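Provided herewith is a single structure, encoded as structure tokens, for subsequent inquiry.
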Amino acid sequence: MTSPDNQIRELVKEIEAVLFSDHEEAKRLIGHLLDLSSRHEDVFGLYKANNMLGILSSDLGKVDEALGYYTVAMSYMVFDEVKDEKPVLLNNIGNVIAICGNYFEAIENFTDALNFIDETGIHKDLIFTLYLNIAEAYLNIGEPKEALEIINESQVHFDEKFQGDRVTMFGLLSSAYLGLGDYKSAYAYILLCEEAAQSSNYLVLNVLINYYKAKYFELTGSFVDAEVFYDKALSSQFEGDSFYYFNQIALDFAAYLVNRKAYERAIPFIYKSIAIAEQKHWNWVLLDYFRILAECYTEIGDLNHAVEASKAYFEIEKINRVKRNAQNYNCFKVQEKILNIKLKNRTLNDAIVRMKAVNNILKQINASNDLMKLIEILYGSLKSLFKIDTFALGLYDDNRDVINYISKFENGISMGASQVGYDNEKSFSSYVRRTNKPVIIHDIDDFDAIQTLYPNVKIVKEDISNIGNHSMSIVIWPMQVEDKPIGLINCQALERQTFSEFDIELIEMLAAHLAIAVENHMQKRELSDAVDRLNKMTFIDSLTDVYNRQALNEYLPKLYEKAITQKENIVFAMVDLDNFKMLNDQYGHQQGDQCLLAFAKLLKSTMGHLGYIYRYGGDEFSLLFVGLEHDVVEKILEKIISKSSNFYTIGDVINISASIGAVFVDNGNCAEISLSSFINYADNALYIAKNEGKKAFRKVLL
């Protein structure tokens, strides 16, 4: 009878044979492997099952699921049975993270895998692939020179048996030379890549080869040829089930169309790409599609659709942020599990309790939209972890060369905001800003050690006793997003030797997550401002700065229905400028625009916030009053007539004034009257006013 151990290993081989060719069969067999390995507590089988589920999910485009499975697989790395698989798993994780666009984090995983191989000598066959993956990541962050150096460095590790690696290498070389502007070398490597793909039957890369050709012709100005190869690269994917490199190519083609100002062509293409991304649950790339879509609609003046695209961007970013938070939480749960396996003493139990507290802190960070409130919450939470007395968040302001401490808590009291200059040579905070390195002080009175560790901080011993800061332990940690420094966190305690190594690791972790929260806050504020600007462009008349006709069409039906439902008085008035056409004909539209601007100011100064002003079109304005007594409205309209009498005079002949026609309704008693009829009453009253000699106000009472 076959032992469970042999059964598990035979089952792993069976799954590996169908993993990329028959997803359904692979999934069924992996379920069997999980069940068998769980019953026999076989670490090798449990690791393999989760790793292969990650590979399967990644191949199907389900990157969130893939990362989840890889995270579980990583938890088994503490066991001797599977620790040799670490570089393989790190490579898998790096590839998925790169798909999501987190190239710096991907490079870290690939580099960690190389370091592990260098230390252990295990899985040397993976070295060349890892170098190529790192090179590709550098290409994606716009560093072709660095990528080229890495590819050249990797040549000594190339194995002729793996022809697929040769195809990939030639493709990356062509991309690197395109990035460097060496188009002759780029095209030579494109042809070599194509030849290698055909000779090795590695035909899946034909899509990528067509993409390289499209980029080559685009960059060399042969736009007709560029579109031919973009079409070849994309059409096979639109028509089939294979979507290798789809988003990379689709985003570049969309950018190409935008650069060519072909917005009308770009929009349907982007919608088609969005449909595929939504079908495949590629949420990480939807942000880019909606960003480009908003740009296209803005360029063609379709601001309603531009606003919709921006709002879709917001919603997806919100969903992605929730997923990131969940992934962070799961990672910490796995870390907690590993700690439980490896350590059994009292120190470990304390660490786990604190790890749970950190998880709660991270939830608070990711859930908060109010930075000031967040600092207060963090200060209270951190006091339960460390003997901390001071906590502050500083953000870098490169325009003014200062560190803005936006909030600081000391001994339970909010100290408000403060600033430290970048050039303050006596400040540890400024040192962190200049070097992007943390400051860790366990005893402020140990002046010799401080001078040795931080010689660039120009303090003397008297400064420590005189500056009034009696904290004995200090940790100031830089915050950055990718490679961009954005600020720092400052933790201090009155006692010496307060922060252990574990505490410092948690502070570093806190700084990383707080940096993301700060960046998300900034991006959300910028996007919110952008939507506000788009909304203003949609509903505000650009000349007079009052509501436009579109705003009237949007809001009037709702206000009309509200007045009827809530039994409120409502008055609608049409205003027309007398002799305006004569002004335009004789003095031109520029003078006419000045007249309209002056009249809009007259209306705003007369009405204040008592009603709504709309530019109906040309020299016509509409006024709306809801909930005011009729005699108040009537006085306002008469005052407008009075103030507008000869308010704008040109020469001795043309005097501009205003005529008004209005409809008054008591207590919303107009339910039986359609909105269009309601407007017509005001329009007819204006017609009568104009025909009775202008500079007149006529009303209809319903």
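Along each of its three principal axes, how wide is the spread of alpha-carbon positions in the chain, in whole angstrom units, largest first?
107, 74, 54
Helix-only estimate, please: 222 nm mean residue ellipticity of the chain, summing -39500 (n - 2.57) across DSSP H runs of length 4 or more and dividing by its residues, to the nearest 500.
On the way: 27 runs with 443 residues, N = 702.
It comes out at -21000 deg cm²/dmol, rounded to the nearest 500.
With all protein chains present, calculate the accessible area of Lys699 using a 1.4 Å probe and round the result to the nearest 10 Å².
100
Amide H neighbours of Tyr648 under 5 Å, counting only residues 5+ apart in sequence or on other chains, H built in-plane at 1.01 Å?
So Tyr648 has HN proximity to Ile656.
List the aspartates and glutamates whose Cα lies under 15 Å from the Cα of Lys562, skipping any in the same chain that are fewer than 8 positions away.
Within reach: Glu554, Asp666, Glu672.
Moving on to the next point. Once label points are set 7 Å from the Cα along Cα→Cβ at both Val156 and Leu675, what is their separation, rounded to one decimal in nm?
7.6
Note down the net charge around Val546, summing +1 for each Lys or Arg and -1 for each Asp or Glu among other residues with Cβ under 10 Å from its Cβ. The partial results should precede the final answer.
Numbers: positive: Lys601, Lys604, Arg615; negative: Asp541, Asp545.
Taking every other residue near Val546 into account, the sum is +1.
So how much accessible area does Thr298 have, in Å² to the nearest 10, using a 1.4 Å probe?
About 60 Å², ignoring ligands and nucleic acids.
Keeping all protein chains in the complex and leaving out DNA, RNA and ligands, what accessible area do you get for Arg434 with a 1.4 Å probe, in Å² to the nearest 10?
Probe radius 1.4 Å; accessible area of Arg434 about 110 Å².
Let me ask another. Taking the Cβ of Asp288 as the center, what net charge do the other residues with Cβ under 13 Å away carry, scoring Lys and Arg +1 and Asp and Glu -1? Walk me through the numbers on the way to the answer.
Numbers: positive: Arg291; negative: Asp252, Glu295, Glu317.
It works out to a net charge of -2.
Follow-up. In whole Hz, with x marking every Gly and Pro, tabulate ³J(HN,Hα) for segment 97-102 from phi via Karplus 6.51 cos²θ - 1.76 cosθ + 1.60, θ = phi - 60°.
Once θ is set to phi - 60°, the couplings for segment 97-102 become 5, 5, 4, 7, x, 8 Hz.
Now for a different question. In the calculated pair distance distribution of segment 109-160, what percentage of Cα-Cα distances lie above 18 Å?
Numbers: 388 of 1326 pairs.
Here the tail beyond 18 Å accounts for 29 percent of pairs.
Do any of Lys184/Lys484; Lys601/Lys690; Lys184/Lys261 go past 24 Å between their Cα atoms, and which?
Details: Lys184/Lys484 35 Å; Lys601/Lys690 22 Å; Lys184/Lys261 28 Å.
From the list (Lys184/Lys484; Lys601/Lys690; Lys184/Lys261), the Cα-Cα distance tops 24 Å for Lys184/Lys484; Lys184/Lys261.
Continuing with the same structure: Provide, as a two-decimal number, the C-alpha radius of gyration of segment 555-642 over 2.2 N^0.38 Å, N being how many residues it has. Please report the intermediate quantities before stating the final value.
Values: Rg = 14.8 Å, N = 88, 2.2 N^0.38 = 12.1 Å.
Output field value: 1.23.
Tally Lys and Arg at +1 and Asp and Glu at -1 over the other residues with C-beta under 13 Å from the C-beta of Ala226: what net charge comes out? Mind showing how you got there, number by number?
On the way: positive: Lys213, Lys215, Lys232, Arg260; negative: Glu218, Asp225, Glu227, Asp231, Asp252.
Charge balance in the 13 Å sphere: -1.
For an R0 of 41 angstrom, estimate the FRET efficiency from the Cβ-Cβ distance between Glu634 and Glu482 and round to the nearest 0.05. Show your work: numbers first, answer last.
Values: r = 63 Å, r/R0 = 1.54.
My answer for the efficiency is 0.05.
Could I ask something else about it? For Lys699, list long-range residues whose amide hydrogen, built 1.01 Å from N in the peptide plane, is under 5 Å from its own amide hydrogen.
Close amide H contacts, sequence-distant or interchain: Ala662.
I've got another one for you. For the chain, take the longest principal axis of its alpha carbons; what is the angle in degrees between that and the long axis of helix 206-219, to the nearest 10 within 0 to 90?
50
I would also like to ask the following. Filter the cross-link list Lys145/Lys437; Lys581/Lys695; Lys567/Lys604 down to pairs whose alpha-carbon distance in this structure exceeds 18 Å.
Working: Lys145/Lys437 27 Å; Lys581/Lys695 15 Å; Lys567/Lys604 27 Å.
Those over the limit are Lys145/Lys437; Lys567/Lys604.
I would also like to ask the following. With a 1.4 Å probe and all protein chains left in place, how much of the accessible area of the chain comes from carbon and sulfur atoms, in whole percent?
Details: 17190 of 34890 Å².
Result for the chain: 49 percent of the exposed heavy-atom area is carbon or sulfur.
Further, regarding this structure: Please state, to two decimals, what the Cα-based radius of gyration of segment 564-702 comes to when divided by 2.2 N^0.38 Å (N = residues). Intermediate values should be presented prior to the final figure.
On the way: Rg = 15.2 Å, N = 139, 2.2 N^0.38 = 14.3 Å.
Computed over Cα atoms of segment 564-702, the ratio equals 1.06.
Once phi is turned into θ = phi - 60°, what whole-Hz ³J(HN,Hα) does the Karplus curve with 6.51, -1.76 and 1.60 give for every residue of segment 556-572, x standing for Gly and Pro?
Karplus values, whole Hz, x for Gly and Pro: 4, x, 5, 5, 5, 5, 5, 4, 5, 5, 9, 6, 9, 5, 9, 10, 10.
Continuing with the same structure: Please give the helix 127-140 orientation as an angle from the longest Cα principal axis of the chain, in degrees from 0 to 90, rounded to the nearest 10.
10
In whole angstrom, note down how far apart the Cα centers of segment 596-662 and segment 1-55 are.
With segment 596-662 and segment 1-55 each reduced to a Cα centre, they are spaced 80 Å.
Can you sort Ser236, Ser471 by 1.4 Å-probe accessible area, starting with the largest?
On the way: Ser236 55, Ser471 10 Å².
Accessible-area ranking of Ser236, Ser471, largest first: Ser236, Ser471.
Which order do His609, His281, His40 take when ranked by solvent-accessible area (1.4 Å probe, heavy atoms of all protein chains), largest first? Could you put the intermediate results ahead of the total?
Details: His609 195, His281 115, His40 90 Å².
These residues rank, largest area first, as His609, His281, His40.
Can I ask one more? Please give the helix 144-154 orientation as an angle from the longest Cα principal axis of the chain, in degrees from 0 to 90, rounded to the nearest 10.
10
Can you give me the accessible area per residue for the chain, using a 1.4 Å probe, in Å²? If you can, show how the numbers build up before the last one.
Working: 34890 Å² over 702 residues.
Per residue, the chain has an accessible area of 50 Å².
A further question follows. Between Met415 and residues 5 or more places away or on another chain, which pairs have amide H atoms under 5 Å apart, with H built 1.01 Å from N, and which residues are they?
Residues meeting the criterion, in which the H sits 1.01 Å from N, are Lys408, Phe409, Glu410.
The values are calculated or read from the model by the stated rules, or taken from the named source; none is laboratory data. For clarity, every value in this text was computed on a predicted model and none was experimentally measured. Counting neighbours? That spans all protein chains shown, and the Cβs are built from the backbone with ideal geometry, glycine included. The protein model used for the area step is the full one, side chains on, heavy atoms only, and it has no ligands, DNA or RNA in it. Shrake-Rupley method; radii C 1.70, N 1.55, O 1.52, S 1.80 Å.
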